[in-house]
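Please read the structure below before turning to the comments.
The values are calculated or read from the model by the stated rules, or taken from the named source; none is laboratory data. Keep in mind it's a predicted model, so treat the numbers as computed, not measured. All Cβ positions, glycine included, derive from the backbone under ideal geometry; neighbour counts span all protein chains shown. Accessible surface is based on the protein model in full, side chains and every heavy atom, while ligands, DNA and RNA are left aside. Shrake-Rupley method; radii C 1.70, N 1.55, O 1.52, S 1.80 Å.
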Amino acid sequence: MDHAADVPDVFDPRIYAEGIPHERYRILRDRHPVAWQAEPEIQGWPAGPGFWAVTRHADVVRVLRDHRTYSSWLGATQIRDPDPADLPFLRRAMLNQDPGKAAGDHGRLRRLVSRAFTPARVDAFAGRVRDRARTLLAAARDKAEEGAADLVHTVTDEYALLNLTDLLGVPAADRALLLEWTVRIIGYQDPEDAPAPLLGPDGKPLNPRSPALLGEMFAYARELAAHKRAHPGDDVMTALAQAGLEAAELEMFFFLLTVAGNDTVRSAAPGGLLALARDPGAYRLLAEGRAPMDRAVDELLRVHPPVLSFRRTAAVDTELAGRRVRAGDKVVVFHASANHDERVFTDPGRLDLGRTPNPHVSFGDGPHVCLGAHFARLQLRTFYEEWCAAMPPPELAGPPRRLVSNFINGITRLPLRVPGPAR
């Protein structure tokens, strides 16, 4: 397929290290709302056949809701094609299934995890979440050097990880493992954030989501489930261990909850602080209670969605925004573009902490809408409340560093001014 000369590239993960490419997205929304993207070899990762980039809000929602036309099952949900030998393994994950018996067991699995991830169970952790935010912010003040601290390494990484491991019921001694696995799986496109990739016999990097590289995590999931059956607690892993899942299903749930559950808040919390640091007027409204916190959380999620893109595969020949899409084509939705679509959001470049309505797609839409959204919002709301109560207006003390990734909207360093030790 021809790649028109005026179609900007939104595939190269290195672009995102400079920031979300809003101008490129705007050009695509205005001129090429469903645009063919080349998939060249980058940093040793092999070239692919290309894909359709979907950038307008209405089209993104259409793709996410129509699982019969746009399948998660056929090619999984990452832009790059998985090794065909890995595809049956990847289809064990609920994320890579479609509703209906012909494409996995999505409905049964979603109901099981929904029962484990109830709002009541999540809300029971609210006090611990608040105590953790206070403790970590106080520690950041105590450890500040020359009045500055990297909020990613001193606060938000730990905050997201420890809240998740509390909810899952992971013993304290094992918690560092979950962060290590998350960094390896999420940061694999970033040579600074992730360890050097393992290479296959052909000299090409191995996909960190392949079964060959997830054995350690899966073995741990089985051990933890066995422990929970013998020593049950009021946590998600106990509920899953008692749900009658097959071993492979439980392993994939643990993988999904560990990575997605951790990285949602791990990405969103520093992203929200960065947005507030760049708009002191908006922060002042929040700190003075003149912006409703719940709306503010959603607006910060709109401008800094944790996930940049998700892939589907066309199951049938179809048409989208006037473009003919053939069965087997990759179709990739871009959340950050949809969240800035002028057709839906008035003045989308403005941080409006009272914005309503705010139909952002930061947690997806349709049958795969994020099951952990309630827990993520609880953590983010609490974090911003405690920041407003204990910290000065966020002010950059140096340039932030963004993750090299076309999938996760990550911040890997966020140096901010902080006051001296708490008294």
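Odds and ends about this structure:
- Scanning the stretch 25-75 for residues that are aromatic (Phe, Trp, Tyr) and either open to solvent by 20 Å² or more (accessible area, probe 1.4 Å) or closer than 17 Å to Val307 by Cα (or both) returns Tyr25, Trp36, Trp45, Trp73.
- Check on Val297, out of contact with any Phe, Trp or Tyr (no Cβ under 9 Å at 6 or more places or on another chain), among the β-branched types (Val, Ile, Thr) and modelled with pLDDT of 95 or more: no
- Screening the candidates Phe310, Phe253 for the property of being assigned to a helix (DSSP H, G or I) and either more than 14 Å from Arg377 (Cα to Cα) or open to solvent by 20 Å² or more (accessible area, probe 1.4 Å) (or both) yields one hit, Phe253.
Per-residue answers, yes or no, for (1) surrounded by fewer than 18 Cβ atoms within 10 Å (Cβ to Cβ); (2) touching a residue at least 60 places away in the same chain (Cβ under 8 Å); (3) out of contact with any Lys or Arg (no Cβ under 6 Å at 6 or more places or on another chain):
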{"position": "Arg355", "(1), (2), (3)": "no, yes, yes"}
{"position": "Pro359", "(1), (2), (3)": "yes, yes, yes"}
{"position": "Gly366", "(1), (2), (3)": "yes, yes, no"}
{"position": "Ala376", "(1), (2), (3)": "no, yes, yes"}
{"position": "Gln379", "(1), (2), (3)": "no, yes, yes"}
{"position": "Pro394", "(1), (2), (3)": "no, yes, yes"}
{"position": "Leu403", "(1), (2), (3)": "no, yes, yes"}
{"position": "Phe407", "(1), (2), (3)": "no, yes, yes"}
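- Residues being in contact (Cβ under 8 Å) with a residue 40 or more places away in the chain and under 13 Å from Phe255 (Cα atoms) - total across the stretch 214-235: 4
- Residue check for Arg24: touching a Lys or Arg at 6+ places or on another chain (Cβ under 8 Å), within 20 Å of Pro348 (Cα to Cα) and among the charged types (D, E, K, R): no
- Where helices (runs of 4 or more DSSP H) fall entirely within the stretch 1-109, those with at least 1 residues that are under 27 Å from Phe255 (Cα atoms) are at 57-65, 87-90.
- Scanning the stretch 155-181 for residues that are closer than 16 Å to Gly372 by Cα and aromatic (Phe, Trp, Tyr) yields one hit, Tyr159.
- Residue, most open to solvent (accessible area, probe 1.4 Å), within the stretch 185-242, restricted to residues that are in a helix (DSSP H, G or I) and modelled with pLDDT under 80: Ala212
- Any hit, the stretch 368-385, residues being in a loop (DSSP other than H, G, I, E, B) and modelled with pLDDT of 95 or more: no
- Top-ranked residue in the stretch 156-178 [being in contact (Cβ under 8 Å) with a residue 24 or more places away in the chain, among the hydrophobic types (A, V, I, L, M, F, W, C) and assigned to a helix (DSSP H, G or I); ranked as most open to solvent (accessible area, probe 1.4 Å)]: Leu177
- Within the stretch 110-135, the set of residues being in a helix (DSSP H, G or I) and open to solvent by less than 30 Å² (accessible area, probe 1.4 Å) comprises Leu112, Val113, Ala116, Val122, Val129, Ala133.
- Output for the stretch 281-298, where each listed residue is open to solvent by 80 Å² or more (accessible area, probe 1.4 Å) and more than 25 Å from the chain's Cα centre (by Cα): Arg284, Glu288, Arg290
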